[in-house]
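Notes follow the structure.
We did not get these values from a lab; they are worked out from the coordinates using the rules stated. None of the values given here were measured: they were computed from a predicted structure. We place every Cβ from the backbone using ideal geometry, glycine too, and count neighbours over all the protein chains shown.
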Amino acid sequence: QGLPVLFKHWLKNEEVEEGRTAVLFCELTKPNAHVEWRKGDTVLQTSDKYEIRQEGTHVELLIYDAEAQDA
């Protein structure tokens with residue numbers, strides 16, 4: 001079965017001015033592992049608001065035009 005995917009570097013709290021782009025990232029122990037970004041129970045999908053990038057073990061979530069409700 002192999003070893004489970006773990007976080008090498010956890011998410012950190014980020015502050016960004018409203019209207020700017022927030023960038024959240026983490027690093028995993030295995031490349032190209034499936035990652036779901038969530039806000040509460042909602043799974044985030046790539047859209048005009050969100051961009052999800054993954055290269056190897058590095059995974060990013062970009063939140064465009066950040067607002068208070070994106071916290």
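Tabulated results
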read-out	value
Summed side-chain charge close to Lys12 - residues other than Lys12 whose Cβ falls under 15 Å, Lys, Arg +1, Asp, Glu -1	-3
For the chain, convex hull of alpha carbons as volume per residue, Å³	95
